[in-house]
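Written out below as structure tokens is the structure these notes cover.
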Amino acid sequence: MAAHPNPALATRIPVVKNSTADKLLVAAGELMIERNSVEISLSEIAQKSGVNAALVKYHFGNKDGLLLALLERDAANEMTHLDFLLAQPLSATTKLKLHIAGIIKAYHQFPYLNRLIHYLLHGQNREAADEVTKFFVGPLLDFHRGLIAEGVAAGEFRDVDPVLFYTTLIGACDHLFFGRQTMMRAAGVGPVTDEVCRAYIGHIEQIILGGLLIAKGDAKAKSRQAAAG
């Protein structure tokens with residue numbers, strides 16, 4: 001199968017279904033998990049995958065192209081379901097709980113995910129940064145804007161800034177994984193198991209919804225005020 005004419009910018013196209021390309025992506029992800037870092041080299045990826053480093057250029061254009069393809073592969077499930085979730089006949093609160101669970105489960109499976117996003121956003125390759133914004137940051141912000149507006153209109157949510165909400169939610173979901181080494185040293189906590197992941201989902205739900213939900217008494221008072229006005 002021929003490589004995409006501009007592989008470094010091909011994030012909106014499904015990852016190449018090729019065993020060699022897959023080996024490179026798997027090796028890159030495994031190295032990031034093993035090292036708890038996104039700082040890995042092409043030679044290290046090639047050595048771990050058993051694939052010639054020259055094939056990175058053929059399949060992905062360059063290292064940033066490979067990392068963009070890895071991000072799309074790992075985040076695709078959560079990102080493609082945003083519009084679907086928003087359209088469901090569910091309360092805004094239920095949608096937010098499902099969203100929180102989806103993010104944390106994705107980070108549990110791919111604990112380097114948010115660091116990879118920042119690595120690409122703040123690197124010198126502006127085309128790669130633009131693609132990450134289009135594929136990940138922009139759609140997530142749009143989803144949060146829509147969900148918050150829906151919750152406010154339904155009398156469920158306080159009217160909060162979507163950008164600040166995005167920053168709070170994504171940062172909180174990620175830090176369990178990003179800061180794990182620090183917490184292991186400082187507090188003696190263990191690795192992130194499935195049980196820890198489930199507990200963290202419940203914790204983040206309580207923290208986020210605790211600040212976002214309008215108390216029933218407040219909602220009734222606002223409803224009366226609106227009717228009187």
Condition check for ALA129: surrounded by 15 or more Cβ atoms within 10 Å (Cβ to Cβ), touching a Gly at 6+ places or on another chain (Cβ under 8 Å) and not basic (Lys, Arg) = yes
Counting just the residues of the stretch 52-70 that are surrounded by fewer than 19 Cβ atoms within 10 Å (Cβ to Cβ) and in contact (Cβ under 8 Å) with a residue 12 or more places away in the chain, which one comes out nearest to ALA101 (Cα to Cα)?
-> ASN62
Go over the candidates GLU78, GLU39 one by one and state the one that is within 26 Å of GLU127 (Cβ to Cβ) and modelled with pLDDT of 90 or more.
-> GLU39
Taking the stated definitions as given, is LEU141 of a type in the set (A, V, I, L, M, F, W, C) and closer than 21 Å to ASN36 by Cα?
-> no
Go through the stretch 106-132 residue by residue and tally those that are part of a helix (DSSP H, G or I) and either at pLDDT 95 or above or over 14 Å from ILE170 (Cβ atoms) (or both).
-> 10
If you go through PHE135, PHE143, the only one that is buried (at least 19 other Cβ atoms within 10 Å of the Cβ) and under 28 Å from LYS63 (Cβ atoms) is PHE135
Looking across the stretch 195-224 at residues that are modelled with pLDDT of 90 or more and of a type in the set (Asp, Glu), the single one that is surrounded by the most Cβ atoms within 10 Å (Cβ to Cβ) is GLU205
Kindly list, by first and then second residue, each pair from a residue in the stretch 71-96 that is exposed (fewer than 13 other Cβ atoms within 10 Å of the Cβ) to a residue that is polar (S, T, N, Q) and outside any loop (DSSP other than H, G, I, E, B), limited to pairs with Cβ atoms under 9 Å and residues at least 6 apart or on different chains.
-> GLN88/THR94
Among the residues of the stretch 152-162, is there at least one that is crowded, with 17+ Cβ neighbours inside 10 Å, at pLDDT 95 or above and part of a helix (DSSP H, G or I)?
-> yes
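The values are calculated or read from the model by the stated rules, or taken from the named source; none is laboratory data. Please read these numbers as outputs of a predicted model, since none were measured by experiment. As a convention, Cβ positions derive from the backbone with ideal geometry for all residues, glycine included, and neighbour counts pool all protein chains shown.
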